Amino acid sequence: MSPEHSTGVACSEHAITPPGGEIRFFHTAIAPRCQELVAQVLRSTWVGEGPMVREFERQLSTWGLAHPVAVNSCTAALHLSLLAAGVGPGDEVILPPQTFIATGMAVLATGARTVFADIDPNTGNLNPDDLPRRITEKTRAIVVVHWGGLPAPLDRILEFAQAHRLTVIEDAAHAFGAKWDGRPVGSISPFTCFSFQAIKHFTAGDGGAVCCPDPELAAQVRRRRWFGIDRDRVQRNRFGGRLLAVRELGLKYHMNDLAAAVALGNLEAFPPRLKRRQQIGAWYRRELADVPGLRLLELSPQAEHAYWLFTVRVEDRAGFVEKLAQHGVPTSMVDTRIDTNPVFGQSPQQLDSLPGQKTFESEQISLPVHDALTDEQVEYIIRVIRSGW
Ligand SMILES: Cc1ncc(COP(=O)(O)O)c(C=O)c1O
């Protein structure tokens, strides 16, 4: 088990064994087809960016995602999106603290400053009401995170951004398969960034994608993922040397065919897996809605949740976690607020200006929600929670 897989409060050896055996917090699904496709790539010896990457992008676009560009991580996707949005030194980017540190690091990598806006403790997502307090004449972009796969209120955020000429970049690392207002996340904002990292609900081992409705921005991202070079148009001199005239900063951020083979193998199997997560999520919501001391996150009728995480708010979190651990049910906060990291240079006053984040930080905890859970195990988890802590 990798350190990432052991995230959260582990269950002790003396814990009660749940029905059907050990319950894991995360479950990495690798479809059998991945093995065939990886073997095909290895046999071909074309292990760099090639036909598998192109096929993966083509298949993603048939799902309604806008001009998908496959990259080697969501961190790379965020960095490329910020660069393509023109973010650079002297600019400010608004983002929520309720995320993984990668979101903030991508902003810092452009030379821009991170400005943290408050979240709504009822969802864990950026609170649009707080945006007017955070904007200055230096603001260039807003990065929106869909915590755990629950879409943030995109209508209001996009409306605010449009009124102030800001670019919206969705950090959809948790939200592959989610929808907002019936539209797939990845088809709405100027930039959407996905993560296909090892413990996500859809994995390539490591990987990511940027989706852009504007084909020119997508083409720019595509160039920048490989040193700013348009691979389809590269010409060579008669000695085989590339004739380059690179005009923009590019990096080595492309996906390779081995990762794309894993992604493609998993893509076929993804719809039923997502459905199972959504079924378990709906089941928890039904059965845990009236449990004293526990609050469900608010689910807008416009939001279709991807359920990478099932996060709840619990007043006596320590008691809750302990009770579940004793019964063999792992839990985790997954991420703590990122703005407290000294790298972001926030003053105590700035840290204190986020009451929604403070509440969420003290109460949030996630339950296992993946598709390896049996019905019996879900029923068991619900029963353990309903018996109190
Ligand atoms: C919200 C969020 N953004 C970005 C990332 C970075 O993703 P990657 O590991 O694919 O770079 C993660 C990773 O877990 C994440 O949770």
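The values are calculated or read from the model by the stated rules, or taken from the named source; none is laboratory data. All figures in this text were calculated on a predicted structure; none of them were measured in a lab. Counting neighbours? That spans all protein chains shown, and the Cβs are built from the backbone with ideal geometry, glycine included.
Of everything in region 220-243, what is surrounded by 12 or more Cβ atoms within 10 Å (Cβ to Cβ) and either farther than 14 Å from L83 by Cα or without any contact (Cβ under 8 Å) to a residue 24 or more places away in the chain (or both)? Give them in sequence order.
Of everything in region 220-243, those that are surrounded by 12 or more Cβ atoms within 10 Å (Cβ to Cβ) and either farther than 14 Å from L83 by Cα or without any contact (Cβ under 8 Å) to a residue 24 or more places away in the chain (or both) turn out to be G228, I229, D230, R231.
Among the residues of region 263-303, what is the count of those that are at pLDDT below 95 and at positive phi?
0
Quick check on region 98-113: of everything there that is touching a Gly at 6+ places or on another chain (Cβ under 6 Å) and polar (S, T, N, Q), which residue is nearest to the ligand (Cβ to nearest atom)? Step through it out loud before you land on a result.
Filtering region 98-113 down to residues touching a Gly at 6+ places or on another chain (Cβ under 6 Å) leaves 98, 110-111.
Narrowing further to those that are polar (S, T, N, Q): 98, 110.
Details: Q98: 9, T110: 15 Å.
This residue is Q98.
Of all residues being outside any loop (DSSP other than H, G, I, E, B) and buried (at least 24 other Cβ atoms within 10 Å of the Cβ) in region 182-193, which is nearest to the ligand (Cβ to nearest atom)? Just the residue, please.
C193
Got a number for residues in region 20-47 being outside any helix (DSSP H, G or I) and exposed (fewer than 14 other Cβ atoms within 10 Å of the Cβ)?
Count: 4.
Restricting the search to region 321-333, which residues are under 20 Å from the mean Cα position of the chain (by Cα) and surrounded by fewer than 21 Cβ atoms within 10 Å (Cβ to Cβ)?
S332, M333
Restricting attention to region 165-181, and to residues there that are in contact with a strand residue (DSSP E or B) (Cβ under 6 Å, 6 or more places away or on another chain) and within 15 Å of T203 (Cβ to Cβ), which single residue is farthest from the ligand (Cβ to nearest atom)?
Once the filter is applied, the top-ranked residue is F176.
Does E159 meet the test of being charged (D, E, K, R), buried (at least 20 other Cβ atoms within 10 Å of the Cβ) and outside any loop (DSSP other than H, G, I, E, B)?
Judged against the criteria, E159 is not a match.
Specify the residue that is nearest to the ligand (Cβ to nearest atom); the eligible residues are those in region 64-97 that are among the small types (G, A, S) and part of a loop (DSSP other than H, G, I, E, B).
S73
V321 - would you say it is touching a Cys at 6+ places or on another chain (Cβ under 8 Å), outside the structural domain of G186 (by TED's automatic domain parsing) and not basic (K, R)?
no
Looking at (1) touching a residue at least 40 places away in the same chain (Cβ under 8 Å); (2) surrounded by 15 or more Cβ atoms within 10 Å (Cβ to Cβ), which one does P355 not meet, given that it meets all the others?
If we test P355 against (1) touching a residue at least 40 places away in the same chain (Cβ under 8 Å); (2) surrounded by 15 or more Cβ atoms within 10 Å (Cβ to Cβ), just (2) comes out false.
Does any residue of region 100-110 turn out to be of a type outside the set (A, V, I, L, M, F, W, C), more than 18 Å from the chain's Cα centre (by Cα) and either part of a helix (DSSP H, G or I) or closer than 17 Å to Q357 by Cα (or both)?
no
Would you mind stating whether S61 is over 13 Å from Q220 (Cα atoms), within 16 Å of the ligand (Cβ to nearest atom) and under 20 Å from the mean Cα position of the chain (by Cα)?
no
Could you please let me know if L274 is assigned by TED's automatic domain parsing to the domain that holds D206, under 27 Å from the mean Cα position of the chain (by Cα) and in a helix (DSSP H, G or I)?
Spelling it out, it is not the case that L274 is assigned by TED's automatic domain parsing to the domain that holds D206, under 27 Å from the mean Cα position of the chain (by Cα) and in a helix (DSSP H, G or I).
Pull up region 114-126, narrow it to residues that are out of contact with any helix residue (DSSP H, G or I) (no Cβ under 6 Å at 6 or more places or on another chain) and touching a residue at least 40 places away in the same chain (Cβ under 8 Å), then point me to the one that is farthest from E361 (Cα to Cα).
In this case the residue turns out to be F116.
List pairs: first residue in region 368-382 and surrounded by 15 or more Cβ atoms within 10 Å (Cβ to Cβ), second residue hydroxyl-bearing (S, T, Y) anywhere in the structure, Cβ distance under 6 angstrom, at least six positions apart or on different chains.
V369/Y307
Within region 194-206, can one find any residue that is away from the ligand (no atom under 16 Å from the Cβ) and surrounded by 16 or more Cβ atoms within 10 Å (Cβ to Cβ)?
no
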